[in-house]
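Down below is the structure, laid out as structure tokens.
Just so it is clear, none of the values below were taken in a lab; they were calculated from the coordinates. Only a predicted model underlies this, so the values are computations on that prediction, with no experimental measurement involved. Don't worry about glycine lacking a Cβ; one is built from the backbone with ideal geometry, like all the others, and counts go over all protein chains shown.
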Amino acid sequence: MEVICDTSFMMVLGSNPLRNIESIESFLGSLHFTVPNIVADELRQLERHSGPKRSRMARAALSLIGSKFNLISLPPSKYADDAIIKYSRCHNCAVATIDRELKSRLIKNKVLVITLRDNKLIIGNPKD
């Protein structure tokens, strides 16, 4: 299953390793994490224009792209969240996010949400 990662999810991964990915994969199947180009652009902006802590987290998140996460191109959009929702609906994939507002919008659009709690992946709205 393809899992699109948003900026908030990538920022958390930049400072904390994932645990329990195997148990999620046993439930959903093999997970393929992807990062949209617009998320990578946001991370580069955060790396350049944030304070030291957020800048380090963004740099660490960017280092994951290419090594463990695939980079995909999405059509230009005024808001990254809108592009992520549209892509996830069209390609029937999950979205990994920490952002509460985005989670709510995804659930309303019947998109599977994966989030983090205590460095563990959590399925936000499992489908039947």
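Backbone amide hydrogens, once placed in the peptide plane, bring I122 within less than 5 Å of T115, L116, R117, excluding anything fewer than 5 places away on its chain. Using every pair of distinct Cα positions in region 4-123, the Kirkwood expression returns a hydrodynamic radius of 14.5 angstrom. Put in line by how crowded their Cβ is, counting other Cβ atoms within 10 Å and starting with the fewest, D81, D118 read D118, D81. Bridging of K108 to aspartates and glutamates at a Cα separation below 18 Å is possible for D6, D81, D82, D99, D128, once same-chain residues fewer than 8 apart are set aside. Sort region 54-128 into rounded, prolate or oblate with this rule: let a ≥ b ≥ c be the square roots of the eigenvalues of the Cα gyration tensor; rounded if a/c is under 1.5, and if a/c is not under 1.5, prolate when a/b is larger than b/c, oblate otherwise. It is oblate, given that a/c is not under 1.5 and a/b is not larger than b/c. Extent along the principal axes, Cα only, for region 45-87: 33, 24, 13 Å, with the longest axis given first.
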